[in-house]
């Protein structure tokens, strides 16, 4: 235990600076997630539905299997999320033009309206997060050469 404390005190100034920057980024990221949850709720969405709608809107055509990777969720969870969003009138399915055996997801006008309401409310927050990430990334690149 004492040995670990001694090792901790021997950190270099550069490591201390990197730790501070990483902590600042994590704080900015958590703030962004909190603000996203609030904006989503104000638009009548859960944070998971906001993520779902954002992913669907950002792609030409997405299948449930595509969403699993993008959302980092298991297929059963994504299938249930899509089902509930369909029942709420936020998304619809249509046959894939590339594979008649599969379906692609599209936003309904209501899904688009709610997504854009939350998305627009987060404009400044996205810019702040991008700036925080850019600062950490730039300093990391300098530190690692």
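Using 7 Å Cα-to-Cβ label points, what is the residue 68/residue 133 separation (nm, one decimal)?
Output for this residue pair reads 2.5 nm.
Can you figure out the FRET efficiency of residue 77 with residue 120, using R₀ = 25 Å and their beta-carbon distance, to the nearest 0.05? Show your work: numbers first, answer last.
Working: r = 28 Å, r/R0 = 1.11.
After rounding, the FRET efficiency stands at 0.35.
Please list 119-125, 102-108 highest first by mean number of surrounding beta-carbon atoms within 10 Å per residue.
102-108, 119-125
Semi-axes, largest first, in whole Å: what does sqrt of 5 times each Cα gyration tensor eigenvalue give for region 61-120? Could you put the intermediate results ahead of the total?
On the way: eigenvalues 75, 43, 24 Å².
Listed largest to smallest, the semi-axes of region 61-120 are 19, 15, 11 Å.
Show that you can apply the helix-only estimate: for the chain, add -39,500 (n - 2.57) for every DSSP H stretch of four or more residues, divide by all residues, and state [θ] at 222 nm to the nearest 500. Mind showing how you got there, number by number?
Values: 7 runs with 105 residues, N = 145.
Mean residue ellipticity, 222 nm, calculated: -23500 deg cm²/dmol.
What do you get for the angle between helix 123-144 and the principal long axis of the chain? Use alpha-carbon atoms, 0 to 90 degrees, nearest ten.
40 degrees
Round to the nearest 10 and give me the degree value, 0 to 90, for the angle of helix 47-57's Cα axis relative to the longest principal axis of the chain.
Computed tilt is about 70 degrees.
Using Cα atoms only, what is the angle between the long axis of helix 109-121 and the major principal axis of the chain, expressed in degrees (0 to 90) to the nearest 10?
Tilt of helix 109-121: around 20 degrees.
What does the convex hull of the alpha-carbon atoms of the chain project to on average, in nm²? Intermediate values should be presented prior to the final figure.
Details: hull surface 50.7 nm².
Mean shadow area of the hull around the Cα atoms is 12.7 nm².
Relative contact order, percent, of the chain when contacts are C-alpha pairs under 8 Å separated by at least 6 residues? Don't skip to the answer; put the middle values down first.
On the way: 125 pairs, mean separation 43.5, N = 145.
Averaging sequence separation for qualifying contacts and normalising by length gives 30 percent for the chain.
In the Gaussian network model of the chain, springs joining C-alpha atoms below 10 Å, which of 111, 92, 134 carries the largest mean-square fluctuation?
The residue that fluctuates most here is 134.
Every number here is computed from the coordinates shown, using simple stated rules; none is lab data. Please read all numbers here as calculations on a predicted model, not as lab measurements. Backbone-built Cβ (ideal geometry, glycine too); neighbour counts: all protein chains shown.
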